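J.: Quick one: this structure, given as structure tokens, is what I'll be asking you about.
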Amino acid sequence: MIDEQQIRSIVESVVASVAKTSGTALPKAGSGAVTPSLSPQSMRPVASSAGLRGKDGVFDRMEDAIAASKRAFFEFNKFGVRERERLIGILRRVTLDYAEEFSKMTFEETGMGNIRDKILKHRNCAKNSPGTENLVSRSWSGETGVTIEEFAPFGIIGAITPSTHPVPTLVNNAIIMLAGGNTVIFNPHPGAKKISAYALQIFHKAIVAGGFPENLITCVENPTIETANSMFNHPDVALLSITGGPGVVKAAMATDKKVIAAGPGNPPVLVDETANIEKAARDIIRGASFDNNLLCIAEKEVFVVESVFDRFMMAMEKAGAVKIESIHMDLLTKKAFISNEKGGHVLNREMVGRSTSYLADLVKLNIPEGTRLLFGETDKDNLLVKEEQMMPLLPIVRVKDFDDGLQCCLEAEHGYRHTALIHSKDMDRITTFAKAMNTTIVVANGYSNQGDGPDDGEAYMAFTIATPTGEGVTSPINFCKIRRLAIAGSLRFV
Ligand code: NAD
């Protein structure tokens, strides 16, 4: 077994070699130095070669990535579960060492979120993504023999990753898919293609330096809808893993492949009169402001029972959020949703994941530096309530009582079955809420991240929370087939 020190030295030699072959002065891992911005030159082939060899897992053509992945899958079959766990250790180490660099580069490329939280996101993902320990086989015996059920790989998995968390989704997917013995091809979001290809090359180098086959993870350098479609329809791709909005989920589910789909959410929060109001306010600020509200599980709108509404609004201010009057909430709503010619509206992507100061500037408001969250009262039909807006701007709605609040939460969630939160000390209400919402994740008396693997939560982490297809917070078993061996008449010894 390779120990942590050996993994570190593998990664360091990988970094040195990436820097040497690409002609780019990469920072020493974990040094905190600012990574040079990704010029096309720095993304030139690291080990340039035509055809199937790709460039450390990065290919020009989707068809070549698939062919290389197929070859890699057969080679990977020779590696047992312990070896796969060693591979996962390498991915975790590289993610921890590069958390800062990956975060800065993601921010430079996408302009969304904030670096501080992105670093945490990478670290959480490295530490809390489940590995091969998740693959617990089952066996039982009886008078006529023994049955064993184990987890076998699907083969080549085609994965779509979002612009909101490009590298955390990539590495989380790689960990849980490789744990099951699969190989994976990524069609990253075009808006995050440079950081995705860059990170993939770093991971790929470390994997190969660790003694594993090439192309266990691959991607295309220029992902498009066309490359996604050729991945969706290629006969050698066994399974699709989709993490993104409604458009891509619909497109993947129209194929004839098995799909594990992690779609959009619009998580509502209900605060009732029994809740610890001050703690609820602190938790809501923490969850809703994280990475400027980019997470699909983040608190997106809050319904507060009338009798504690004013106290809650004061508690939010006291805990550091900045209250916005209704005139400015309306102005921001108008800017966040652009009317289209069909009489509908579309989300203004320019505002997604932007900072509170960016949003405040749009409506000429002065707010204290470092403000993590803006909030204000709206009615329940406001678009900020109804749509998944992904901004550090939280609408708060007054409701009559628990029952009224629950109805509002159901409406705002739109049946996505994603995430819902409640702050209440009444266990019966928590139970009623969880049952009625029927979402993949319900968090009670906590902040949203506690439902998906932070250090202070009791849950493993996934960046692919399979909502429409029902696998839930995904883990290696979701990317495996269950195989049964039935041994008749033998191996019984009593
Ligand atoms: P997006 O939907 O804009 O893009 C996701 C990916 O799909 C991109 O790679 C994009 O190029 C591709 N794509 C879009 N339409 C396509 C089509 N018709 N055919 C093929 N490919 C297509 O998502 P985004 O803005 O990057 O991410 C944010 C969205 O993802 C939010 O809705 C969020 O809730 C959701 N999300 C869900 C989860 C989850 O676990 N459920 C996790 C992260 C993000």
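J.: Mean residue ellipticity at 222 nm from the helices of the chain, using -39,500 (n - 2.57) per DSSP H segment of n ≥ 4 over the full residue count, to the nearest 500 deg cm²/dmol?
T.: Values: 15 runs with 194 residues, N = 494.
Estimated from H runs of four or more residues: -12500 deg cm²/dmol.
J.: OK, next. Could you work out what % of the accessible surface of the chain is carbon and sulfur, using a 1.4 angstrom probe and leaving DNA, RNA and ligands out of the count?
T.: Whole-percent figure for carbon plus sulfur exposure: 52.
J.: Calculate, in whole percent, how much of the Cα-Cα pair population of the range 268-455 lies beyond 25 Å.
T.: 28
J.: Counting only trypsin sites (Lys or Arg not before Pro) that are in a DSSP loop and have at most 13 other C-beta atoms within 10 Å, tell me the longest site-free stretch of the chain. Working shown, then result.
T.: Values: sites that count: K28, K78, K342, K364, K400, K425, R492.
Result, exposed sites excluded: 79-341.
J.: Cβ under 11 Å from L393's Cβ, L393 left aside: what net charge do those residues give with Lys, Arg +1 and Asp, Glu -1?
T.: Surrounding charge for L393 is +2.
J.: Tally the DSSP beta bridges in the chain and give the antiparallel ones as a percent, rounded to 5.
T.: That works out to approximately 35 percent antiparallel.
J.: Per residue, how much accessible surface does the chain expose to a 1.4 Å probe? Answer in Å², no decimals.
T.: 42
J.: Can you tell me how the range 332-410 classifies by the Cα gyration tensor, rounded, prolate or oblate, using a/c under 1.5 as the rounded cut?
T.: It comes out oblate by the Cα gyration axes.
J.: On to the next question. Over the range 350-488, what is the mean sequence separation of C-alpha contacts under 8 Å (at least six apart), divided by residue count, expressed as relative contact order in percent?
T.: That works out to 14 percent.
J.: Please identify the longest segment of the chain free of exposed GluC sites (Glu not before Pro), where exposed means a DSSP state other than H, G, I, E or B and no more than 13 other Cβ atoms within 10 Å.
T.: 144-324
J.: Kindly provide the pair-distance distribution of the chain built from C-alpha pairs, with 20 Å bins from 0 and whole-percent values in order of increasing distance.
T.: Whole-percent P(r) values from 0 Å outward: 23, 52, 23, 2, 0.
J.: Still on this structure, I have one more. What are the residues whose amide H is under 5 Å from the amide H of T469, where those residues sit 5 or more places off or on another chain and H is modelled from the backbone?
T.: A261
J.: Take every Cα pair under 8 Å in the chain that's 6+ residues apart, average their separations, divide by the length, and report that relative contact order as a whole percent.
T.: Values: 1035 pairs, mean separation 92.2, N = 494.
Value for the chain: 19 percent.
The values are calculated or read from the model by the stated rules, or taken from the named source; none is laboratory data. Predicted model, so just to flag it, every value in this text is computed and none were measured. No Cβ is skipped: glycine too gets one built from the backbone with ideal geometry, and neighbour counts run over all protein chains shown. When the accessible area is computed, the model is the full protein with side chains, heavy atoms only, and any ligands, DNA or RNA have been set aside. Shrake-Rupley method; radii C 1.70, N 1.55, O 1.52, S 1.80 Å.
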